Structure formats: C-alpha cells, structure tokens
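What follows is a short report on a single structure.
The values are calculated or read from the model by the stated rules, or taken from the named source; none is laboratory data. The model shown is predicted, which means the values in this text are computed figures rather than measured ones. Neighbour counts run over all protein chains shown; Cβ positions are idealised from the backbone, glycine included. The area values use the complete protein model at the heavy-atom level, side chains included, leaving out ligands, DNA and RNA. Shrake-Rupley method; radii C 1.70, N 1.55, O 1.52, S 1.80 Å.
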Amino acid sequence: MSRPQNDLGGAVDGRQGRDRDPLGRPRSARPRDALGRPLPRGAPGVERVPDDYAPSAGQALADAAGYLDQGRPFHAHEVLEARWKTGPAAERPLWQGLAQICVGLTHLQRGNARGASTLLARGAARTAEYVAGRPPVNLPEVIHVAGDLAAHPPADPATAIARVADLLRAGAS
C-alpha cells in the first residue's frame, strides 16, 4: 500500500495533510518570515535550512553564528537542530541545548519574554548535561550567558543575540 505523495516527493498524512519525508517524518514546507513565523502556503518567505543539511560541528557553529549576525535566531536554531539530528548521539545534549537557546532568542525577538526565559534556562540546563568530551564551545560561558539572559532579558533582543553569536563564533574558529 503506497501513501499519497506531496509535490515535494514526500508522503502526505491523509488525516492532517502534513508534509512528510519519504520515511514518514514530519517536514515543514511552509514558508517562514525572517523571525521564523509560519506564513501562508505559497507566500514568499526567507530561505530555509535544507532538510538534508548535515554540518560538522565547526560548520554548525559558524553557520548558526552567521544567522545570529543577521538577526535570525530561528534559522540558527534550525542549523543547530540539524547537527543534533546528524551528529554523534553523545553530542546531542550540547546541540539540543544550543538549539533551545536560539529558540529562546527567537521568543525574545518576538516579544515573548516569558517563553524566552523558559527556553534560555532549558537550553542552559540541557547543555550542562553534555559529558561526551571536550565541547566545541566554552560550555561554562554558554551556560552562564544563557542563564543570565533567562534571568535578566535585555530590552533589546539584538544584545542577547550578539552575546550568543560571539560564543558560537569563538567555538567555530
């Protein structure tokens, strides 16, 4: 029995009409704006991180820092999420935590201070679980900065985004 296919070659879940990849995993083909908010289907959006993106640790940090430099923490989150999904299992807490920190920055950018605080604190806690060896970032500083931003979110989200970008950039070099 074959499943219906969408116009991108992935299966369509008949109950919800959600885009699925050939393995049945959900995929979001909806366009998004620069802040990562979904737009109506067919609307022009900003370029997304490809579904098959599989960066090295250094490339993920460099690309995420680049998106943060552009004021696009949602897209930095997508880069870090790609690394957690394609990298070694032992590194997942690090990449999940960094991705959550970027989602926290996204919430801050969208004016959701409570959501930002929750995700920044969750990201700090998750990165603290990393024990797989020498991390590619200054882990104590990442935990400190994310915790500080969770407790004291700045009025200007660009300040928080720049602090995290600096940490990722230092790890990428």
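Scanning the range 31-78 for residues that are in contact (Cβ under 8 Å) with a residue 24 or more places away in the chain, of a type in the set (F, W, Y) and closer than 11 Å to C102 by Cβ returns a single hit, F74. If the condition is being more than 13 Å from W95 (Cβ to Cβ), within 12 Å of the chain's Cα centre (by Cα) and either modelled with pLDDT of 95 or more or open to solvent by 40 Å² or more (accessible area, probe 1.4 Å) (or both), then the range 45-71 contributes R48, A65, Y67, L68.
Taking the criterion of being in contact (Cβ under 8 Å) with a residue 24 or more places away in the chain and not in a helix (DSSP H, G or I), the residues of the range 134-153 that qualify are P135, P136, V137, N138, P153. If you go through the range 72-93 and keep only what is surrounded by 17 or more Cβ atoms within 10 Å (Cβ to Cβ) and not hydrophobic (A, V, I, L, M, F, W, C), you end up with R72, P73, H75, H77, E78, E81, R83, G87, E91, R92, P93. Filtered by the rule that a residue be more than 19 Å from I161 (Cβ to Cβ) and not in a loop (DSSP other than H, G, I, E, B), the range 43-82 gives A57, G58, Q59, A82.
Looking only at the range 94-126, count every residue that is under 13 Å from the mean Cα position of the chain (by Cα), open to solvent by 10 Å² or more (accessible area, probe 1.4 Å) and of a type outside the set (V, I, T) and tell me the total. Full working, then the answer.
So the first thing to find is which residues in the range 94-126 are under 13 Å from the mean Cα position of the chain (by Cα), and the list is 94-107, 119-120, 123.
Going one step further and asking which of them are open to solvent by 10 Å² or more (accessible area, probe 1.4 Å), we end up with 96, 100, 103, 107, 119.
Retained after the next criterion (residues that are of a type outside the set (V, I, T)): 96, 100, 107, 119.
Of the residues in the range 94-126, 4 are under 13 Å from the mean Cα position of the chain (by Cα), open to solvent by 10 Å² or more (accessible area, probe 1.4 Å) and of a type outside the set (V, I, T).
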